[in-house]
Amino acid sequence: MSNRRYRNTYIGGCSHFCTASVVEYLPPLTDERLCRELLECWDRQRARWGVCVEGFVIKPEHIHLLVRGNAGDVRKFMQYTLAETSRKISQMACQRAKAGNPAAVIWLETFSARANGTAVHKVWKERFRCVALDKEQAVMVKFQYIHNNPVKRGLVDAPSEWIWSSYGHYYKGQCVFRVDGFDHKRMNTDIVRSN
């Protein structure tokens, strides 16, 4: 059930902190192949919608991104990313369930139980969260949050140990994904609010 009091905010040209979680906090993103599919999807969708991916972290059951672009394009980037990756995660769960993987059977049952409308499976929670960041300091706080998230969660001892984040781009000069980088000069104040 979504939190109706929460509203996504968008500011054209600014960075946006976006979060999406898998239903019931199931952890399909422990699979390296799915993580790579997610990265490839981000690459396709950023080209399609003309957005910049400035930062990210992929955790077993959710993702955080810093995305810059026009308000409608950021929204579409997230919507299409979640739709495409939902299909990939569902396909993987189906294949593994057929092969007798007990965790995949539970995931598939959960995805089916959460489906609504014409959907057969629902992988991601009702809504992604998106908050526009119109101050450079706010962006820097979110970068720290993203990069330290795997450490806080106990997945690794240091941010540099978690390959599924943009930390490597900013601090090691190498990353599993081509990050566009943060450009603080492109911020403005054209605020758009969405339900």
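Below, the figures for the structure above:
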read-out: Considering residues of the range 39-56 that are in contact with a helix residue (DSSP H, G or I) (Cβ under 9 Å, 6 or more places away or on another chain), in a helix (DSSP H, G or I) and touching a residue at least 60 places away in the same chain (Cβ under 8 Å) only, the residue nearest to H169 (Cα to Cα); value: W42
read-out: The range 163-176 - residue that is surrounded by 14 or more Cβ atoms within 10 Å (Cβ to Cβ) and touching a Gly at 6+ places or on another chain (Cβ under 9 Å) and, of those, farthest from D31 (Cα to Cα); value: Y170
read-out: Flag for Q95 being under 12 Å from the mean Cα position of the chain (by Cα) and among the polar types (S, T, N, Q); value: no
read-out: Where S112 falls short, out of the listed (1) at pLDDT below 90; (2) under 27 Å from A47 (Cβ atoms); value: (2)
read-out: The lone exception for K122 - which of (1) at pLDDT below 90; (2) in a helix (DSSP H, G or I); (3) buried (at least 19 other Cβ atoms within 10 Å of the Cβ) it fails; value: (2)
read-out: Any hit, the range 57-65, residues being basic (K, R), surrounded by 15 or more Cβ atoms within 10 Å (Cβ to Cβ) and assigned to a loop (DSSP other than H, G, I, E, B); value: yes
read-out: Tally of residues being in a helix (DSSP H, G or I) and without any contact (Cβ under 8 Å) to a residue 40 or more places away in the chain across the range 80-99; value: 11
read-out: Qualifying residue in the range 20-30 (condition: touching a helix residue (DSSP H, G or I) at 6+ places or on another chain (Cβ under 9 Å), within 25 Å of Q137 (Cβ to Cβ) and buried (at least 18 other Cβ atoms within 10 Å of the Cβ)); value: yes
read-out: Some residue of the range 102-119 being part of a loop (DSSP other than H, G, I, E, B), within 24 Å of G55 (Cβ to Cβ) and among the small types (G, A, S); value: no
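The values are calculated or read from the model by the stated rules, or taken from the named source; none is laboratory data. None of the values given here were measured: they were computed from a predicted structure. Glycine also receives a Cβ, built like all others from the backbone with ideal geometry; neighbour counts cover every protein chain displayed.
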